[in-house]
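Read through the structure below, which is laid out as structure tokens, and then see the notes.
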Amino acid sequence: MALTEEQLLNAKELIELENSYGAHNYKPLDVVVERAEGCWVYDVEGKRYLDCLAAYSAVNQGHCHPKIVASLIEQARKVTLTSRAFRNVQLPLFYKDLHELTGMEMALPMNSGAEAVETAVKAARKWGHTRKGIADGKAEIIVCAGNFHGRTVTVISFSSDEQYRSGFGPLTPGFRIIPYGDAKALREAITPNTCAFLCEPIQGEAGIVIPPDGYLREVAAICREHRVLLMVDEIQSGLGRTGKLFAYMHEGIQPDVLIVGKALGGGFYPVSAVLASKEILGVFGPGDHGSTFGGNPLACAVARTALQVLREEKLVERSEELGGYFLAKLRNLHSPAIKEIRGRGLWIGIELHTPARKYCEALKEQGVLCKETHDNIIRVAPPLVIRREEIDWAVERFEKVLGS
């Protein structure tokens, strides 16, 4: 059998091609992945690596899960795309699954997480105008410093990271940034024009930053008191990553708007959604918002099976149990490089006193794939199908690299 072009090229040649023809908006580790299964990925030379990033939590169910593969193929042979100009069999079943999973009355499907955040922003603004009585064009949304909600112009407009904003102006107005984890700051920032408060229950890109106990309960109460929508971005933290189905469940609250993505597609397909009450999502009428690919039958079939895998394989419970085990093992490491190790479920941040990139590169050489965030933090987020013995194997490599 003749070899394909990608099989004929080695890693160095493939990296040179990427660097020559691709925009340099990422700085990936120099490993060229050819195939993957479960928690493991294999490069073009056949070397095996333990994936401790899980595509930023998009692969909670593990790489190439056979049930999701089968669902993808089955649906792809029937129909993949109709657009929302017509109805399809899978979309109402997907709505039903989301309702049964979350209790939310309505859902609006999109593709990427950033699109879902944009959708939530639009819904909150229109709700503020049509339901709360805020003058058109005056609605404000409060957000938190250190946030990461995507890369669109509107979303970077309320980022506190200067690199995300620099050179991309003019930026979108209508946002107010307050410190993360400070409920008093939220109370003081609310005005008659405030329509929503958008936050991550745990900040992922910022380095697995966990707010003080009781913070979410307090902000939920403040939002209810002032008739402000509480919108939680669970794109990374949701669907089992933190040891609960959603991270907000650690404090027993109920948000007004829930934003989901990443693992909703099981690592196969971009699927996201905004979930809320009929009062909130009911502000949209035909033509107000849309997406050619959002809610397509292939996406819905994949997402439904991805959710089924989470339930049947008890991946949320595994995340809680094995996350505690992984965190305890890592906290036993003794290294002058380590400043703090924190986490919840299988979402762990190793904060260092020095830049983390060299440690991620060294871990790659040892067969463990991680990625630095905010310069000096190693983010550890393996697929939720990881086994105890694989965690032990990884900890040995962390000890070797961080200890040296």
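Going by what's in this entry, would Ser291 be described as surrounded by fewer than 22 Cβ atoms within 10 Å (Cβ to Cβ) and within 29 Å of Gln75 (Cα to Cα)?
Judged against the criteria, Ser291 is a match.
Check every one of the strands (runs of 3 or more DSSP E) wholly within the stretch 332-403 and list those with 1 or more residues that are free of Cβ contacts under 8 Å to residues at least 24 places away in the same chain.
Fully inside the stretch 332-403 and qualifying: 338-343, 371-373.
Only one of Ala263, Ala247, Ala206 is small (Gly, Ala, Ser), in the same structural domain as Asp97 (by TED's automatic domain parsing) and under 16 Å from Ile178 (Cβ atoms); which?
After applying the criteria, what remains is Ala206.
Given the criteria under 30 Å from Leu93 (Cβ atoms), among the aliphatic types (A, V, I, L, M) and buried (at least 19 other Cβ atoms within 10 Å of the Cβ), does Leu369 qualify?
On the way: under 30 Å from Leu93 (Cβ atoms): no; among the aliphatic types (A, V, I, L, M): yes; buried (at least 19 other Cβ atoms within 10 Å of the Cβ): yes.
No; evaluated as a whole, the condition is false for this residue.
Could you pull out every one of the strands (runs of 3 or more DSSP E) wholly within the stretch 166-252 that has 3 or more residues that are surrounded by fewer than 24 Cβ atoms within 10 Å (Cβ to Cβ) and not polar (S, T, N, Q)?
Because the criterion is at least 3 residues that are surrounded by fewer than 24 Cβ atoms within 10 Å (Cβ to Cβ) and not polar (S, T, N, Q), the strands (runs of 3 or more DSSP E) in the stretch 166-252 that meet it are 175-178.
When you scan the stretch 92-110, how many residues do you find that are of a type outside the set (Asp, Glu), surrounded by fewer than 21 Cβ atoms within 10 Å (Cβ to Cβ) and on the phi < 0 side of the Ramachandran plot?
Narrowing the stretch 92-110 to residues of a type outside the set (Asp, Glu): 92-96, 98-99, 101-104, 106-110.
Adding the requirement that they be surrounded by fewer than 21 Cβ atoms within 10 Å (Cβ to Cβ) leaves 92-93, 95-96, 99, 101-103, 106.
Applying the additional criterion that residues be on the phi < 0 side of the Ramachandran plot yields 92-93, 95-96, 99, 101-102, 106.
Residues flagged as of a type outside the set (Asp, Glu), surrounded by fewer than 21 Cβ atoms within 10 Å (Cβ to Cβ) and on the phi < 0 side of the Ramachandran plot within the stretch 92-110 amount to 8.
In the stretch 242-255, is there at least one residue being among the hydrophobic types (A, V, I, L, M, F, W, C) and on the phi > 0 side of the Ramachandran plot?
Residues of the stretch 242-255 that are among the hydrophobic types (A, V, I, L, M, F, W, C), as a first pass: 245-247, 249, 253.
Adding the requirement that they be on the phi > 0 side of the Ramachandran plot leaves none.
The answer is no, given that none of the residues of the stretch 242-255 is among the hydrophobic types (A, V, I, L, M, F, W, C) and on the phi > 0 side of the Ramachandran plot.
The values are calculated or read from the model by the stated rules, or taken from the named source; none is laboratory data. Because the structure is predicted, anything quoted here is derived from the model rather than measured. Glycine gets a Cβ as well: all are built from the backbone with ideal geometry, and neighbour counts include every protein chain shown.
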